[in-house]
1. Tell me, what is the FRET efficiency for residue 38 and residue 311 to the nearest 0.05, using R0 = 51 angstrom and their Cβ-Cβ distance as r?
2. If you bin every alpha carbon distance in the chain into 20 Å steps from zero, what whole percent lands in each bin?
3. Pop the C-beta distance of residue 529 and residue 568 into the FRET formula with R0 = 22 Å and round what comes out to the nearest 0.05.
4. Can you tell which of 589, 607, 618 lies farthest toward the positive end of the dipole of region 580-619, using +1 and -1 charges on the Cβ of basic and acidic side chains (Lys, Arg; Asp, Glu)?
5. Using Cα-Cα distances under 8 Å and only pairs 6 or more residues apart, what relative contact order does region 373-527 have, in percent?
6. State whether region 11-62 is rounded, prolate or oblate according to the following rule on the C-alpha gyration tensor (a ≥ b ≥ c being the square roots of its eigenvalues): a/c under 1.5 gives rounded; otherwise a/b larger than b/c gives prolate, and the remaining case gives oblate.
7. Mind listing P(r) for region 1-147? All alpha-carbon pairs, 5 Å bins, whole percents.
8. Toward the positive end of the charge dipole of region 14-64, about the Cα centre and with charges on Cβ (Lys, Arg +1; Asp, Glu -1), which of 17, 45, 58 goes farthest?
Amino acid sequence: MVYTGSSRVTDLYVHSNIHKDKSATVHLQVEVENTTSKPKNITFTSSIEGSNFKSKQINTKFTALVQPGKQVVKKQIKVKNAQLWWPWDLGKPNLYVAKVSITENKVNQDFAETTFGIREVSMKWNPGFSKDQVSFPRTTVINGKPIFIRSACWGGPPDIFVGRTTEEKYRRLIQLAKDANMNNIRIFGWHPPEIPIFYELCDEAGITVWQDIIPLGTGNLSKDPVFLEKILKEGENVITERRNHPSLIMMEGGEEMFLRSGDAMFTRNFLETLGKRLQAKVDLPYVPDSPLTCETAQSAGYKPKEAVHALGYFYGMGKWLMEDWYSSLDFPIVPELAITSVPNVESLKKFIPKDELWKPGVSWGHHWADLDRLRIQNFDAFGDEKTGSLQEFVDATQDAQGIIFQLSIEHFRRNKPRTSGISLCHFITYWPDMKWGIVDNYTQPKRSCNYVKIAYQPLLINLKFDKRRWKTSDTFNGEIWVVNDFYKTYKNCKASYVIKDDEGNVLAKNSFDVGNVEENSSLKLKSLNHKVLKTVKKIFYVILELKDKKGDIVSANEYMFLIGDQKEASKKFKTMGLEIRKRNQTYTYGNYYKFFDKLSGENEQEYETKLDTIKSRGF
C-alpha cells in the first residue's frame, strides 16, 4: 500500500546527453497523475548527486501546471564534469541518484528516486560486411567507444522453479561472470526478464545487458489485434521498468522467432512494430530477432550474414572436428555459442540417485544428458571418450567444453572489428541439468569456466592454428596473435612461447620484442615453425606469455595438442556422428530411451522388472 497526496509520481525516467566539454545534459522525465478534476500548479524539487562516488548535489526547483489525469513533465539539468558510467573493462561504472518530490501549496504530495548512469549508447556498422550481407549495424558504441561484447546467455532466472532467490546468490552469480572476464550478459528470449536486483548488480559491476525484451520464441502468434496489443504493451512495460539502468545497452525483439514462423512477413511486421514501440520509450539500439539468417527470415527480406547461432557443432555432432567447424564461421556477431558438459561430481550427487551415478542411469536422461554427444565430444578433445570412471568422464566433459569455447572465442576475437561480440550459451541454467551452462545450478563453476576466463581476457595473447592433431614427423606451425579490448596502449611489450612434451620436457622456446600493443586492436605478432615433435608420445603443450615494459605478465595462455592423424580422427569422428544421426531417425532429440538398451529393447536387452539395473550403452 502506497500513501500519496491527490497528485502522485507514477514514473521517473532519467536519460542523458554527453558533451565534448565533459559536461552532460540530464533529462528528467516525470510522469505525474493529478487524480482530481481540476488543473493544479505543482512544484517539483529535484536533486542529483553521486551514488557510488562523492559529488556536489545539484538542486533544481520548478513549477508546472498539471492537468487532470496522467502527463509527463520534462526538465533539463546541466551536470558539469559528468562522471560517466562505463563497462568495467573501460572505466568506472559511476552511478548517480536522482530524487524528485512534488508539492502543492507547500504540502508534500509524493516522492520518487532512481539510480542512473550518465552514458550514451549507439551502434556502428561492422567493417567488411556490406548492406547486401547484413541489415543492421552490430558494433555497440558506449560513450563514443566501440566495444567488443564478451558475453554469455544468462540461461534463465535462478528462481524460476524454486521460488525467490536470495540477493547473495545473485551477487555471487554476477561476480562469477565478472571473474570470467565477461563485460555483458544476454537475457535471451527463452525466459522472462530478470528482477530489479539483477540489473542493479550489473549497474554496480559495470556489466552490460543485452535484453530480449519478453519471451518470444515463436513467430506463430495469434493475429488478433487485441492479443497483439497486449504483447506490445507488455514489452513497453518491461522496458519502462528497466530503462534507467545504464547496464541495459541493447534490445532484441525475439529469439529464433523466424525459425518457427509460418508467416515471415507477419513476423517481421510484428517485430518491427514492437521495436518502434520500445524505442518510443527508450533511446537504445534494437534488433528484431536472433539470428535472422534462416531461410524464413531471408524470405522476409533479412540478409544471409546477420548473425549466427553457433549451435552446429553440438546439434551436428560428428560432422566436423572442432577446429574445422569454428574456423568456418564468419559473422558480425554471435548471439549463441553452445557446447555441452556435466556438472561437478559433488553437484551430481545432489540430484542423481547413488545407484545411478556410474555408470550413468536413467536419471541422467531426466536431466538432459546427451550421453552420445558427451562421449564423442570427449573424443574430439582428447582422442579418447574418457569413460574410465565418473570423475574422469565429468572432468573430461568440462575440459572439452572449455577447450571448444576457448578456441571458438579466440577465433572470433581475432576477427575484430569485423566481428564485434560473442555470447556463450549458457552462463547458468535454472535447474540441475547436464547441458550448456558453465556454472551449475548450485553456483559451482565448471572447469570450463576457467577456459572462458582465459579466452575472455581483455588483453589476450593467443595462438592460431589449423589442427589439433599432429604426427611426430610434422613441423608444428601456428601464429601468435594479441587482441586488446582495452582503450590502453601497452608499450614496449615482449612475448614468449614454450613448447613442452607430455613429460614436461622443453622442446622449443623463444622470446621476442612486440613493441606497442595498440588500444582496441587485433594483430598477428609472429609465425611459429618447429620440427620438434619426434619424441612426443601422446600430448604436447604450447604456453604463451605477454609482458609489459616492466616485465610483468599482462596475459598468459596455454594449448594442448594431440599426437595423431588428423584425417583419420576426422573420419572416425564422422562415423560416430553418423551413428548419432541414425539413432535420431528413430528417436526424437529429447527421447533419452535411446541411451538405455533395456528401455529401448535394442541389442537384445529387455526391461523385466523395476528391480532391473538400467545403465547407459557406451560406458
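1. Numbers: r = 60 Å, r/R0 = 1.18.
So, using R0 = 51 Å, E works out to roughly 0.25.
2. Binned Cα distances yield the sequence 17, 47, 28, 7, 0.
3. FRET efficiency, residue 529 to residue 568: 0.40.
4. 589
5. 17 percent.
6. Judged from the Cα gyration tensor, region 11-62 comes out prolate (a/c at least 1.5, a/b above b/c).
7. 2, 9, 16, 17, 14, 12, 10, 8, 6, 4, 2, 1, 0
8. 58
The values are calculated or read from the model by the stated rules, or taken from the named source; none is laboratory data. Only a predicted model underlies this, so the values are computations on that prediction, with no experimental measurement involved. Positions of Cβ are generated from backbone atoms using ideal geometry, with glycine treated the same way; all protein chains shown enter the neighbour counts. The protein model used for the area step is the full one, side chains on, heavy atoms only, and it has no ligands, DNA or RNA in it. Shrake-Rupley method; radii C 1.70, N 1.55, O 1.52, S 1.80 Å.
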